[in-house]
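Novice: First, the structure itself, so that you have it in front of you.
Taken together, the values in this text are just the output of simple stated rules run on the coordinates, not laboratory data. What you are looking at is a predicted structure, and each value in this text was computed from that prediction instead of being measured. All Cβ positions, even for glycine, are placed from backbone atoms using ideal geometry, and neighbour counts span all protein chains on display.
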Amino acid sequence: MARVCIASHHGSLAGLRADPEFAPERAGAADAPPASALFELRLDQYSDLSAANMAGAVQALGPEHVVATFRRRDEGGGCADATDETRLFYLGQAASLRVAYVDIELATIRSQRRAWQDLRAFRRDDRPQFVVSFHDFAGSPPLEQLRALRREAEEAGADVVKLAVTAQTIFDTEPLLDLLRERDWRRPLLALAMSEAGFWTRVLGPLFPNPAPFTFARGTAAAGTAPGQPTWRELDRLYRFHELGPGTPVYGVIGRPIGHSLSPLMLNTALAARRLPGVYLPFLVVGDPARFVRGIAVKLGVRGLSVTIPHKEAVLAACAERDALVRQIGAANTLVRRGTEAAPAWHATNTDASAAAGSLEAALGGAGSLRGRAVAILGAGGAAKAVAFGVKARGAEVLIWNRTAERARDLAANVGARSVSKEELLQADPQVAAVVNTTPVGMYPRVDESPLEEGELPGGSLIFDTVYNPMRTKLLQMAEARGLKTLPGLEMFVGQGAAQFELFTGCPAPREEMAAVVRAELVRRASV
Ligand code: NAP
């Protein structure tokens, strides 16, 4: 089982010892790292470094929990005046204390062959294991170069090879992915792409041949020692890192930006609630989403993808099959992979439309309640399309108002709806059963805005705001104050995610758990 290694973010060994997260004896407490956790001592970062202080920290952490690193300056080290001699002295001290791992750069081994032999002589009963590392903070070398580095590190005597590169976009991670998939290597590989685009490399290591014995995480209060690093809690609790292995189903969401997405929280919670193997990751895709879907997603074994802004249309270029709704709307928010790795076939569907129409229908009185009723939509973008086609399919008459009238006319012509001015919409006869906001107006952080003024709220209509962050938008608050029925966007968000879960896994979605975890997270975000 791969372990989580919590990277030290402290400026001093005293600070580290005062941090309750760096205390293995607390394992088992609800807020403590798992008992198997490793802790990285970054010896290049401590202002109070001495052999005695280091030994004290190693004993306090337990040597079997320690990864000792004294990073050289040109590979990200924090100590400007440390010579190779000093660094190797401390690594030798750590090795003699029989820590679990000592990390040494391949570049140091090249220039200090003799000292490297001396360092290895400290090993007793397989401890420490040596991690031979290479870091590139500027870019990502091509596959041939990565192979050469891996070969050289193995031949030098690495127990674990660590290659950390920098991904500008997710496409830069492909050489690492190709190397991870190769089988003919002797030693485990810890391959990391620093940056948000490389996030998958920090989680999915256990899925490959020769997996590394650990991956790095940050403390819950820390900024992290490398960009894109998740907290140990996210790795352990949300992504269930300890359960991942070859064959674990992978799912995810692609978008730009993606860090704010609640889908990983919602879908991983659903997988855990149903006790299903699987992990659902955020993929930051800058560039062509179809290229990602055809290439990296297939190589990673991804079985299902959620698609969010701005990729819902461009992703269709990678899809062999598009259902009728997707053909009508021209956008997909869900891809399911069929076929084989050699001949993958992505099936595109759209769960936004049925989730929007389903939650509206339920709020208006249940099945059939949209038939013959008028629904007014504010906006003519992607969400408006999904709502319009969804409610139209259930028999509603649709009115569309948009800031840019031309887009409202286009959408109306497409759906078989009527484009209207705001005045016409508000005085519609017969009165509209529901007004649906599909513009982002009122969305966090501009929570004081509303697409309708107080006096513009049509009496007697249900007000549905597809915006779900915040849960109670200004529009919904005004409608409630007027005594109107309201429907928050959370219902639609959970509905579209639940439908995705069912398409991905074939199991009924645990809707209540999904809604509860999203609601709690939105409340938490509103309070910080
Ligand atoms: P989109 O394709 O960019 O469309 C945005 C629409 O809002 C356009 O019609 C745009 O009008 C209009 N708009 C933007 N700013 C406006 C403003 N200041 N005043 C008036 N109109 C404005 O975006 P989308 O994909 O439809 O997403 C829109 C919102 O829907 C998101 O912010 C999200 O909160 C919500 N949504 C919710 C769910 C859910 O599950 N609950 C799912 C998807 C989306 P112009 O044509 O004039 O630019």
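Novice: Post the alpha-carbon centroid distance, the range 358-383 to the range 192-253, in whole angstrom.
Specialist: 41
Novice: Right, something else. If N is the number of residues in the range 1-126, what value comes out of its Cα radius of gyration divided by 2.2 N^0.38 Å?
Specialist: Against the empirical 2.2 N^0.38 Å value, I get 1.04 for the range 1-126.
Novice: Also, I was wondering about something else. If packing is taken as the average number of other Cβ atoms within 10 Å across a peptide's residues, how do 138-144, 476-482 rank, most packed first?
Specialist: In descending order of packing, they fall as 476-482, 138-144.
Novice: Here's a follow-up. All other residues with a Cβ under 15 Å from the Cβ of Arg187 taken together, and with Lys, Arg as +1 and Asp, Glu as -1, what is their net charge?
Specialist: On the way: positive: Arg120, Arg147, Arg150, Arg151, Lys162, Arg183, Arg186; negative: Asp103, Asp126, Glu152, Glu154, Glu155, Asp159, Glu182, Asp184.
Around Arg187, the charge tally is -1.
Novice: If the cut-off is 20 Å between C-alpha atoms, which aspartates and glutamates fall inside it for Lys392, apart from same-chain ones fewer than 8 positions away?
Specialist: Those aspartates and glutamates meeting the cut-off are Asp323, Asp352, Glu361, Asp410, Glu424, Asp429, Asp465, Glu491.
Novice: Using only alpha carbon pairs under 8 Å that are at least six residues apart, calculate the relative contact order of the range 3-247 and give it in whole percent. Walk me through the numbers before you get to the answer.
Specialist: On the way: 463 pairs, mean separation 43.1, N = 245.
That works out to 18 percent.
Novice: Another one. Work through the residues other than Met492 whose Cβ is under 13 Å from its Cβ and net out their charges, Lys, Arg +1 and Asp, Glu -1.
Specialist: Numbers: positive: Arg511; negative: Asp352, Glu361, Asp465, Glu491.
Charge balance near Met492 sits at -3.
Novice: Further question: Give the angle, between 0 and 90 degrees and rounded to the nearest 10, that separates the Cα long axis of helix 51-61 from the longest principal axis of the Cα atoms of the chain.
Specialist: 50
Novice: Using only the alpha-carbon atoms, how far is helix 84-96 inclined from the longest principal axis of the chain? Give it as 0 to 90 degrees, nearest 10.
Specialist: Approximately 90 degrees, to the nearest ten.
Novice: Between the range 390-416 and the range 30-98, what's the alpha-carbon centroid distance in Å?
Specialist: Cα centroid to Cα centroid, the span is 63 Å.
Novice: For a quick check: sort Ser111, Ser527 by the number of other beta carbons within 10 angstrom, fewest at the front.
Specialist: Going from sparsest to densest Cβ surroundings: Ser527, Ser111.
Novice: Show which aspartates and glutamates lie in cross-link reach of Lys422 when reach means a straight Cα distance below 13 angstrom and same-chain residues fewer than eight apart are skipped.
Specialist: Here the aspartates and glutamates satisfying the reach criterion relative to Lys422 are Glu453, Glu456.
Novice: Right, another one. Using the number of other C-beta atoms within 10 angstrom as an exposure proxy, rank Phe122, Phe22, Phe501, Phe241 with the fewest first.
Specialist: Details: Phe122 18, Phe22 23, Phe501 29, Phe241 26.
Taking fewest neighbouring Cβ atoms as first place, the list is Phe122, Phe22, Phe241, Phe501.
Novice: Local charge sum around Thr166 (other residues, Cβ-Cβ under 13 Å, Lys/Arg +1, Asp/Glu -1)? It would help to have the intermediate numbers written out before the result.
Specialist: Working: positive: none; negative: Glu75, Asp136, Asp172, Glu196.
Residues close to Thr166 contribute a combined charge of -4.
Novice: Let me ask another. Return the Rg/Rh value of the range 3-247, two decimal places, where both radii are evaluated on C-alpha atoms and Rh is the Kirkwood radius.
Specialist: Result for the range 3-247 is an Rg/Rh of 0.93.
Novice: For the ranges 318-324, 69-75, what's the packing order if you count other beta-carbon atoms within 10 Å of each residue, average per peptide, and put the highest first?
Specialist: 69-75, 318-324
Novice: Which Cα, out of Leu13, Ala167, Ala320, lies furthest along the positive dipole direction of the chain (beta carbon charges, K/R +1, D/E -1)?
Specialist: Farthest towards the positive pole: Ala320.
Novice: Right, something else. Can you give the % of DSSP beta bridges in the chain that are antiparallel, to the nearest 5?
Specialist: 15
Novice: A further question on this structure: Quick check on the exposure proxy: order Glu25, Glu456 from fewest to most C-beta atoms within 10 angstrom.
Specialist: On the way: Glu25 11, Glu456 14.
Going from sparsest to densest Cβ surroundings: Glu25, Glu456.
Novice: Let me ask something else about it. So what is the 222 nm mean residue ellipticity for the chain from helices alone, if each DSSP H run of at least 4 adds -39500 (n - 2.57) and you divide by all residues, rounding to the nearest 500 deg cm²/dmol? Kindly include the intermediate steps, with their values, before the conclusion.
Specialist: On the way: 19 runs with 181 residues, N = 528.
Helices in the chain give a 222 nm mean residue ellipticity of -10000 deg cm²/dmol.
Novice: Which whole-number percentage describes the relative contact order of the range 252-350, with Cα contacts under 8 Å and a sequence gap of 6 or more?
Specialist: 27
Novice: Along the Cα→Cβ direction, 7 angstrom out, place labels at Glu513 and Val286. What is the inter-label distance in nm?
Specialist: 3.5
Novice: Give the angle, between 0 and 90 degrees and rounded to the nearest 10, that separates the Cα long axis of helix 143-156 from the longest principal axis of the Cα atoms of the chain.
Specialist: Taking the Cα atoms of the chain, the angle to 143-156 is about 30 degrees.
Novice: While we're on this one: For the chain, rounded, prolate or oblate, judged on the Cα gyration tensor with a ≥ b ≥ c (square roots of eigenvalues), a/c < 1.5 rounded, else prolate if a/b > b/c? If you can, show how the numbers build up before the last one.
Specialist: Details: a/c = 2.82, a/b = 2.15, b/c = 1.31.
In terms of gyration-tensor shape, prolate.
Novice: Another question about this same structure. Treating the Cα atoms of the range 375-461 as identical point scatterers in vacuum, please give the log10 of the normalised Debye intensity I(q)/I(0) at q = 0.12, 0.21, 0.23 Å⁻¹, two decimals.
Specialist: -0.32, -0.98, -1.16
Novice: Then there's this: For the range 252-350, compute Rh as the Kirkwood radius over C-alpha pairs and then the Stokes-Einstein diffusion coefficient at 10 °C and 1.306 mPa s; write the answer in µm²/s, rounded to an integer.
Specialist: Numbers: Rh = 13.6 Å.
Translational D for this selection: 117 µm²/s.
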